[in-house]
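These notes concern the structure reproduced below.
Please treat every number below as a calculation from the coordinates, not as lab data. From a predicted model like this one, the values you see are computed outputs, not experimental measurements. Cβ placement follows ideal geometry from the backbone for every residue including glycine, while neighbour counts extend to all protein chains displayed.
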Amino acid sequence: MLDMLVVGGGYVGLAAAVAVKQAAPHLQVEVVEAAPAGVWEKDERASAIIAAASRMLSVLGVWDEIAANAQPINRMIVTDSRTSDPVRPVFLTFGGEAEEGQPFAHMVMNVDMVRALRGAAERLGIAIRHGLSATAFQTGSTRSTVSLSDGSTIETRLLVACDGVRSKLRDLAGIRTVTWNYGQSGIVTTVAHERPHDGVAEEHFLPSGPFAILPLTDNRSSLVWTERTADADRLVASDDLVFEEELQRRFGNRLGDLRVVGSKRAFPLGLTLARAFVAPRLALAGDAAHGIHPISGQGLNLGFKDVAALAETVVEADRLGLDIGALNVLERYQTWRRFDTFRMGVTTDVLNRLFSNDITPVRIARDFGLGLVERMPKLKSFFIDQAAGKANDDAPKLLAGQAI
């Protein structure tokens, strides 16, 4: 019988397995992943990793490998305009350091994260079983019996669902969600440009939704381009010439001519918040617990915060001789994470509704608000601390760069 079975072998699932196994080597931990081996290594996307998450990854022994190809975000600027506006005034700027010498975020290639976390899992002796999904589970007094898609079963004291925003395990457990669709899709691609970005990230609030330009190495940028779903599908299906013309209109000319160098994909955007993060012998983490709008770039970082809290809950319970899958143990994890997650979900929802429109009175009010933040250093510092995930006294140890 396993001590912990993680369903989902993406960044959050692998990090959860590594964090627990590293701190408690005697625990038997395995990962099952629905995708065949090698699929995650083909992911062309990039993600923003905040300072708190990079501190955790450093404790897990993988950050140096990931950071070798990472791009620090030195500064962030925020504008609010229409696509046709000849000038986009900057309403808000953020300096790039969470602490002296430490950028508040890095842009990291997803493939580098998976490779590093998978290597750490293998070094710790964590078995990763590819091409398998969980089809059912039965919960008993001391264990859960999980049925897999190949007909086999696994018994485990704790089942961790990291199987995405449409989590099968969450549904099987009867955990309800708060869910709605924004009618938007996020177009994701990578572009090369003539002039250097100098590590500057840009967030342009346009009537159809936020348009984020995120710096990568080698004079490239990652885009998260929000459009109404029908328009996004049309743009992704268009040829490169049409796509690049539309892209240049939104991107502007600051970095010169653009060239798409990555695949173009559109992802539907919505809000999904689980009403509970735990059930007997089950914990939800990552997108299985929460799917939010990418307007703040915090989706993956919320998942890494889940990992830090869950790992500390499990490891400390084990050291006290408690049952790591018992509901009263797991409720500490839920208490730790649910408020922060709901707060971020509500914040991103309000921001998206506030900025994804062209109503003149609303534009005036929001631009006044952005300008007010720009002129109040203490308030700006607060937002930078929040964006970087600055650890407070109650934060999980891993987010503060401390071993469990």
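Below, the figures for the structure above:
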| item | result |
| --- | --- |
| Length gained when the stretch Thr347-Trp180 is fully extended (0.36 nm per residue, less Cα-Cα span) | 58.6 nm |
| Rg/Rh (Cα only; Kirkwood hydrodynamic radius) as it applies to region 179-235 | 1.04 |
| FRET efficiency, Asp240 to Ala127 (Cβ-Cβ, R0 30 Å, nearest 0.05) | 0.10 |
| Using a Förster distance of 35 Å, the FRET efficiency for Ser147-Asp233 (Cβ separation, nearest 0.05) | 0.45 |
| Dipole axis of region 191-345 (+1 Lys, Arg; -1 Asp, Glu on Cβ), positive-most option in Leu320, Leu300, Ser221 | Leu320 |
| The chain: angle of helix 240-251 to the longest principal axis, Cα-based, in degrees nearest 10 | 80 degrees |
| Using alpha carbons only: equivalent-ellipsoid semi-axes of the chain, gyration tensor based, whole Å | 37, 22, 21 |
| Förster radius 35 Å - calculated FRET efficiency between Val261 and Asp64 (Cβ-Cβ, nearest 0.05) | 0.85 |
| Only Lys, Arg (+1) and Asp, Glu (-1) charged, at Cβ; region 179-301 dipole about Cα centre in debye | 500 debye |
| Lysine pairs with alpha-carbon atoms under 18 Å apart, the chain, spacing 8 or more or separate chains | 7 |
| Theoretical gain in end-to-end length, Ala192 to Ile77 [0.36 nm per residue, Cα-Cα removed] | 39.4 nm |
| Selected from Asn253, Ser238, Pro268, residue furthest toward positive end of dipole (region 203-278; charges at beta carbon) | Pro268 |
| Selection from Gly183, Leu206, Asn69 lying farthest towards where the dipole of the chain points positive, charges on Cβ | Gly183 |
| Contour excess over end-to-end distance, with Cα ends at Thr335 and Thr135 and 0.36 nm allotted per residue | 69.2 nm |
| Convex hull volume per residue in cubic angstrom - Cα atoms of region 179-313 | 126 Å³ |
| Lys, Arg +1 and Asp, Glu -1 on Cβ, resulting dipole of the chain about Cα centre, debye, nearest 20 | 740 debye |
| On Cα atoms only, tilt of 327-355 relative to the major axis of the chain in degrees | 10 degrees |
| Degrees between helix 110-123 axis and first principal axis of the chain (Cα, 0 to 90, nearest 10) | 20 degrees |
| Net charge of neighbours whose Cβ lies under 13 Å from the Cβ of Thr135, counting Lys and Arg as +1 and Asp and Glu as -1 | -2 |
| Where only C-alpha atoms are counted, convex hull volume of region 1-50 per residue in Å³ | 89 Å³ |
| Relative contact order of the chain, pairs being alpha-carbon contacts under 8 Å that are 6 or more residues apart, as % | 22 percent |
| Ratio Rg/Rh, restricted to region 203-262 and using Cα atoms, in which Rh is the Kirkwood radius | 0.94 |
